[in-house]
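Below: the structure, in structure tokens.
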Amino acid sequence: MITTDWGQKNVIEQNDNVNKPSHYQVLPGVEVYDIRGAMMGKIDKSVPFDQVSDWDRASEYLFRMWGKNGLEDAKKARWYLNKLIEKMEQGE
């Protein structure tokens, strides 16, 4: 925030890469963090933690890919999805 000589306050919108990175903004006021939290609440407690973790990482990369690393993030998501599928097929 900048204050002028006459006391008027002007707010300058800046990308905040720590608290509100633009590549995690899905909609105004909705971040990937919010969607992940909502989805986590839908996962049955019997699902092993490492499977949930793989799913969570894959979804994060997919949500942000268009605003950050594109193809690289898609490949990272695929890597985690492949790990998740392997674990599910093995019954882990």
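The values are calculated or read from the model by the stated rules, or taken from the named source; none is laboratory data. Keep in mind it's a predicted model, so treat the numbers as computed, not measured. So basically every Cβ, Gly included, is an ideal-geometry build from the backbone, and we count neighbours across all protein chains shown.
A few remarks follow.
- Whichever residue in the range 40-51 is loosely packed, with under 11 Cβ neighbours inside 10 Å and not charged (D, E, K, R) and, among such residues, is farthest from Ile85 (Cα to Cα): Gly41
- Residue match in the range 37-49 (condition: at pLDDT below 95, out of contact with any strand residue (DSSP E or B) (no Cβ under 6 Å at 6 or more places or on another chain), of a type in the set (Ser, Thr, Tyr) and not in a loop (DSSP other than H, G, I, E, B)): no
- Residues of the range 52-79 satisfying the condition of being surrounded by 14 or more Cβ atoms within 10 Å (Cβ to Cβ) and among the charged types (D, E, K, R): Asp54, Asp56, Arg57, Glu60, Arg64, Lys68, Asp73, Lys76
- Pairing each residue of the range 65-88 that is without any contact (Cβ under 8 Å) to a residue 12 or more places away in the chain and more than 9 Å from Gln51 (Cα to Cα) with any residue that is in a helix (DSSP H, G or I) and not acidic (Asp, Glu), provided the two are 6+ apart or on different chains, yields no C-beta distance under 7 Å.
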